[in-house]
């Protein structure tokens, strides 16, 4: 785990330094595109691999994203990060991680480009009880007694899926789901 953190740190810092050097020659629109191609994959890797990581690691990734946002917007450290995220259309890394995890749950539930190993990974509550329930898209939550059990993908993703509004869970396509989910996490951030 420490090796992946060091690798991510090195790649992320070197990308932001290069990004900083070229920022004065390019417009913010181009910088956002470059950021999405070079820096976001590193942050997404960090979000996916580290998941429930320590506060130190998540703070590092958040600082890396904040540094990239400041370079794009050409601001100093006094600028509010929420304002920068809203202006650039970005999520916090925690919400980005949740966004990516719920996309995977959607793919599993709708068998949309889902890995064979994950097909049937989640069980619907209505299938488990054998009767039609009010909300037929809620997932069964496995019983856990420990915090470690609640941090597993099966439990945490199912709980987060169940907490989504009904219209999000019943989307007809992945594109619509992503759009609604991004708006949902953006609204949660800025309310």
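The lone criterion from (1) surrounded by 14 or more Cβ atoms within 10 Å (Cβ to Cβ); (2) in the same structural domain as residue 59 (by TED's automatic domain parsing) left unmet by residue 123 is number (2). Output the residues belonging to segment 154-186 that are surrounded by 15 or more Cβ atoms within 10 Å (Cβ to Cβ) and either within 18 Å of residue 121 (Cα to Cα) or free of Cβ contacts under 8 Å to residues at least 12 places away in the same chain (or both). Those that are surrounded by 15 or more Cβ atoms within 10 Å (Cβ to Cβ) and either within 18 Å of residue 121 (Cα to Cα) or free of Cβ contacts under 8 Å to residues at least 12 places away in the same chain (or both): 154, 155, 156, 157, 158, 161, 162, 169. What do you reckon, is residue 58 more than 24 Å from residue 183 (Cβ to Cβ), crowded, with 18+ Cβ neighbours inside 10 Å and modelled with pLDDT under 80? Answer is no for this residue.
Residues that are modelled with pLDDT of 80 or more and under 29 Å from residue 22 (Cα atoms) number at least 1 in the following helices (runs of 4 or more DSSP H) confined to segment 70-173: 81-88, 93-109.
The values are calculated or read from the model by the stated rules, or taken from the named source; none is laboratory data. Note that the structure is a prediction, hence the values are computed from the model and not measured. FYI the Cβ positions are ideal-geometry reconstructions off the backbone, even for glycines, and counts take in every protein chain you see.
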